[in-house]
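In what follows, a single structure is set out as structure tokens and then discussed.
Bear in mind these aren't lab numbers, they're just calculated from the coordinates by the rules spelled out. Worth saying up front: this structure is predicted, and the values here are computed from it rather than measured. Cβ placement follows ideal geometry from the backbone for every residue including glycine, while neighbour counts extend to all protein chains displayed.
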There are 4 protein chains.
Amino acid sequence: MQVSRRVDRHDLRDLTIAIRFEGEYDESYSAGDNSAVLPTDTMKNTVYALAARQCVEDPEEFGLRLSRHFLDRNPRLRRVRVDLRAHPWVRIPIGDREHGQAFVRHGPEARTARVMCNRRRVRMGAGVRNLLILKSSHSAFAGYLRDEYTTLPETHDRLLATTLTAAWMYGENDLDFHITWRAVRRTLLEAFAEHDSRSVQHTLYAMGQAVLDAVSAVDAIRLVMPNKHHLPVDLTPFGLENRNEIFVPTEEPHGLIEATLVR
Amino acid sequence: MQVSRRVDRHDLRDLTIAIRFEGEYDESYSAGDNSAVLPTDTMKNTVYALAARQCVEDPEEFGLRLSRHFLDRNPRLRRVRVDLRAHPWVRIPIGDREHGQAFVRHGPEARTARVMCNRRRVRMGAGVRNLLILKSSHSAFAGYLRDEYTTLPETHDRLLATTLTAAWMYGENDLDFHITWRAVRRTLLEAFAEHDSRSVQHTLYAMGQAVLDAVSAVDAIRLVMPNKHHLPVDLTPFGLENRNEIFVPTEEPHGLIEATLVR
Amino acid sequence: MQVSRRVDRHDLRDLTIAIRFEGEYDESYSAGDNSAVLPTDTMKNTVYALAARQCVEDPEEFGLRLSRHFLDRNPRLRRVRVDLRAHPWVRIPIGDREHGQAFVRHGPEARTARVMCNRRRVRMGAGVRNLLILKSSHSAFAGYLRDEYTTLPETHDRLLATTLTAAWMYGENDLDFHITWRAVRRTLLEAFAEHDSRSVQHTLYAMGQAVLDAVSAVDAIRLVMPNKHHLPVDLTPFGLENRNEIFVPTEEPHGLIEATLVR
Amino acid sequence: MQVSRRVDRHDLRDLTIAIRFEGEYDESYSAGDNSAVLPTDTMKNTVYALAARQCVEDPEEFGLRLSRHFLDRNPRLRRVRVDLRAHPWVRIPIGDREHGQAFVRHGPEARTARVMCNRRRVRMGAGVRNLLILKSSHSAFAGYLRDEYTTLPETHDRLLATTLTAAWMYGENDLDFHITWRAVRRTLLEAFAEHDSRSVQHTLYAMGQAVLDAVSAVDAIRLVMPNKHHLPVDLTPFGLENRNEIFVPTEEPHGLIEATLVR
């Protein structure tokens, strides 16, 4: 957690960071030779120190700084991957202004970033996690394969809900990462909202396609969409009709739809 | 989950409900006599059916409907308590308008309501859960008791963060529950933001007092505030100074401060 | 985590401890006067130091030592409660012996202990948490109240499963706590296994009664038994009969049965 | 959950199953054409029906039955992967015998199995998840790379604890899966217990190597070992010495060591 203090207006950077090393470390495994091993504890200290040296702006940029630091100091390191999760906080409103130093956590959602470097190439990307979305119209599921174990009724008007995880990689790195992230997120949400869905797959693809169409910097996007089923409750035993209004959300069993779209 | 469909504009009510019966049920325990036992499954059906009969507006009102239904039908029931948790969804924005039928989950936060009835009296209340709040100034902790096991340094400028659970009871039930809930929540947030804190206890009390002062309908309020410690990282081994900017959030061990303020 | 090292045979004490103070602390809340407040951090240090001074044996005994320490040093403290959770580890077997210094965690289950002291009286107790138990016979649920919202079929042969939490208080404190705990746990399991159950309530009561009958040191016992429903799967659409063999466990909605039996 | 009822002695099979399809399903994504899509709901029904038709023995065998069923019926399916997690239950002891129809859940640990099939080849494997293990001797971490951000002291006697996930694939499929699984699990535990560890990597490798040495059916094994740090508590402020006895377990930040050993 980094607090930048500009007089009365503070800014928070609340990041969870995972650093992954791959390289010529066989001896540490097979012979217990630690001489090339950078301890987890040192990685942790490095994160704090680099943040203290220069304030973290976009998570992508900080991931890149970390990656370069580690590649520079660790000759056995072939590939480093830094995954960052930024937890959003918004200012507490006081009347019609915002408090400068008091915050409320916003959403289960996190903004993610990824930096993958080897000694020749840097790949950067971003994403969202835990973005719960639901549409209550324009969602069908019909015309699917039937066999002797089919009991699911076809539906032309169901609830479609998911906890979206999306991760995309950029084809270029000279970007305003914050603006680009907002553009992708907005495109994902709008495509989800406006799609005439025939299945989770269908909507997932439409969302990925919309991102590739709208944001030229994105090279590839992976979407993971668990189907958070909302089953209509059978009210007929009570002499009532369920006019598609009362649902019970279920956790298990559930479908999980994944795909990667590459430009 | 209830979806109210008014032409193109749908509304969601996403509630988790717990119903608690207390009464003359000794025989069911001691003799296995189920003749007065209303099964959980029937309670669940009742929730669905009552929601279907009449659209749920405020959770408080629905809790009251449920409570009355159960008291009317179950002569052995002495006391019923209904706890409701409403999970907030907001509309997905499309350009400068809101989509009528697509939603995104808002916050880890939930709005809660409680209805406690016996055959003579109804008590209603509300609350918030999982409201993560943090202030980065005007928070001290000093002047505390010291003994041979004290190592904590005094601080006059620390991060104060908590996951607020608050639950309040009303002295009257003829309220606009939604407006009142918003007033209490706003008062809690403002009091937290503006308090010159000497401890979590001190701020907790100020928040509770502010609610009793601002919202006359509230009779009593309980606040639970785990101290989500953010420890300043020692950067001196790296030749750096931590100007109160870099913190590591820790989960355990942590303090947990609780109190109930009664008017 | 305490490791006692007796030559080649180590012992682990893996405890999670919660300490609760109640007393004359109004000023700390209302006026921010911390002069009587013992910081959480000092409580934590005290736990470590007292464990280091004298090896922890039974959690009950350590809870008592902590309670007395805090009452002795804190004149404003009226009541202290110490809750301890012991996480079980067993030794890794090597051939037909046990390794002295290598362990595997045993069970989701924890052994709990509670010490409640004021300046005149000590009350001690123990318990189990997260003890998942299931019986596949001698469990019925029938003869319950029926109304227009009843759809549950009566059953004379269902799965009964729960995640047991039990907490009991002793009427005397001069006990071998380990042996007594084992006796209560065994009694709970045997009563659950052998009961001819007409409902969760019925079995809960039988379990509590069995403990009061078998272990004279127990004064009162509280049992909490969520009904972890295992619903029989309808196989008739596939031309198959479910001879009470295939079940789907569900999490929500579920019943939660609680009671306290006092001698 | 399957209950096999042999007179007075029941057996439980408590499995969580994940089925993954890969194949020629592009049209379902890009055009919303569901005609080749087997719904999740049908997969779920298939699991129940196949279990009902023939009692589940080893999870590996059931995974294979499921895989073949799906490949036979779904011409567009190129690859199917079935992952199974078996949750262990043991019988409740009654005096010196075991109850035939009452069970207690054993351990956070699960036994896993994996079946991967395409139209030409079947690959089968198994594993463990959530196996918490700890050694209190013969664990060092020293001689590692040092830089300006190193603060970790070298240690020649630390606690080594992890939540082991291991997954191995077999080179042959005509095995007694239960006996082989037990042999691998025992080998992992013994290697962990007896290793003279210089690092988590070093012990991970020794464990994997021991499996490849001891169980010829295993072709490759992947181990994932988060370093569940137990930090020695500094007792010097209290005039006490920590003779490597008192530790505080921490969750974050932590190291995560992974490797795959291939024969």
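Comparing C:Asp96, C:Asp196, C:Asp213 in a Gaussian network model of chain C (Cα springs below 10 Å), the most mobile by mean-square fluctuation is C:Asp96. Taking 1 over the mean of 1/r across every pair of different Cα atoms in chain A, what Kirkwood radius in Å do you get? Roughly 21.5 Å, rounded to one decimal.
Once you average over the residues of B:244-251, how many Cβ atoms of partner chains fall within 10 Å of each Cβ? Numbers along the way, then the final one.
Details: counts 2, 10, 10, 6, 6, 5, 3, 3.
Partner-chain Cβ atoms within 10 Å, mean over residues of B:244-251: 6.
In summary, the lysines within cross-link reach of C:Lys135, defined as a Cα separation below 30 angstrom excluding same-chain residues under 8 places away, comprise B:Lys44, C:Lys228, D:Lys44. Simple point charges give the picture: +1 on the Cβ of Lys and Arg, -1 on the Cβ of Asp and Glu, and for the protein assembly as shown a dipole about the Cα centre of about 0 debye. Relative to the longest principal axis of the Cα atoms of chain D, helix D:59-73 runs at roughly 40 degrees. Inter-copy label distances at A:Pro93, using a point 7 Å along Cα-to-Cβ, come to 1.2, 6.3, 6.4 nm with the shortest given first. Look at the dipole of chain A built from charges on Cβ: of A:Leu223, A:Ala113, A:Tyr48, the Cα furthest out on the positive end belongs to A:Tyr48. With N counted as the residues of the stretch B:61-126, its alpha-carbon radius of gyration over 2.2 N^0.38 Å works out to 1.60. A simple count of charges around B:Thr260, restricted to other residues whose Cβ falls under 13 Å of its Cβ and scoring Lys, Arg +1 and Asp, Glu -1, yields -2.
Legend: P(r) of the stretch D:129-262 from all alpha carbon pair distances, 5 Å bins from 0, whole percents, reading 2, 9, 18, 20, 17, 12, 9, 6, 4, 2, 1, 0, 0.
Placing a label point 7 Å from the Cα of D:Glu241 along the Cα-to-Cβ direction, the distances to the matching points in the other copies come to 3.9, 7.5, 8.4 nm, shortest first. Shape class for the stretch A:130-189, computed from the alpha carbon gyration tensor (a ≥ b ≥ c): prolate, with a/c not under 1.5 and a/b above b/c. Taking label points 7 Å from Cα along the Cα-to-Cβ direction, A:Gln209 and C:Arg6 give a separation of 7.2 nm.
Oblate is the label for the stretch B:85-188, because a/c, from the alpha-carbon gyration tensor with a ≥ b ≥ c as root eigenvalues, is 1.5 or above and a/b does not exceed b/c. Look at C:Thr203, A:Thr46 and count the other Cβ atoms within 10 Å of each Cβ; fewest to most, that gives A:Thr46, C:Thr203.
What is the sum of charges around D:Arg13, taking Lys and Arg as +1, Asp and Glu as -1, for the other residues whose C-beta is under 12 Å from the C-beta of D:Arg13? With Lys, Arg at +1 and Asp, Glu at -1, the net is -4.
First measure r as the distance between the Cβ atoms of C:Thr155 and C:Asn130, then evaluate 1/(1 + (r/R0)^6) with R0 = 25 Å and state the FRET efficiency to the nearest 0.05. So, using R0 = 25 Å, E works out to roughly 0.40.
Can you classify the stretch C:19-152 as rounded, prolate or oblate using the Cα gyration tensor, where a ≥ b ≥ c are the square roots of its eigenvalues, rounded means a/c under 1.5, and otherwise it's prolate if a/b beats b/c and oblate if not? It is oblate, given that a/c is not under 1.5 and a/b is not larger than b/c. Averaging the Cα positions of each part gives two centres, and for the stretch D:146-198 and the stretch C:184-263 these lie 38 Å apart. Cα centroid separation, the stretch A:14-76 to the stretch B:3-68: 53 Å. Other residues with beta-carbon under 12 Å from the beta-carbon of C:Ala217 carry, at +1 per Lys or Arg and -1 per Asp or Glu, a net charge of -4.
Out of the GluC sites (Glu not before Pro) in the stretch B:1-99, which ones are loop residues according to DSSP with at most 16 other C-beta atoms within 10 Å? Intermediate results must be reported in sequence, preceding the final value.
Values: sites: B:Glu22, B:Glu24, B:Glu27, B:Glu57, B:Glu60, B:Glu61, B:Glu98; in loops: B:Glu24, B:Glu57.
Sites meeting the loop and neighbour criteria: B:Glu24, B:Glu57.
The mean sequence separation of alpha-carbon pairs under 8 Å and at least six residues apart, normalised by the residue count of chain B, gives a relative contact order of 13 percent. What is the helix-to-structure angle for A:177-194, meaning the angle in degrees between its Cα long axis and the longest Cα principal axis of chain A, kept from 0 to 90 and rounded to the nearest 10? It is inclined by approximately 10 degrees. Taking Cα atoms only, the orientation of helix A:40-53 departs from the longest principal axis of chain A by about 80 degrees. Closest approach of a chain C beta carbon to the axis mapping chain C onto chain A (residue, whole Å): C:Glu251, 3. Net charge dipole, the stretch A:128-262: roughly 220 debye, given to the nearest 20, about the Cα centre with Cβ charges of +1 for Lys and Arg and -1 for Asp and Glu. Distances between copies of D:Ala142, taken at a point 7 Å out from Cα along the Cα→Cβ vector and listed shortest first: 4.4, 7.2, 7.4 nm.
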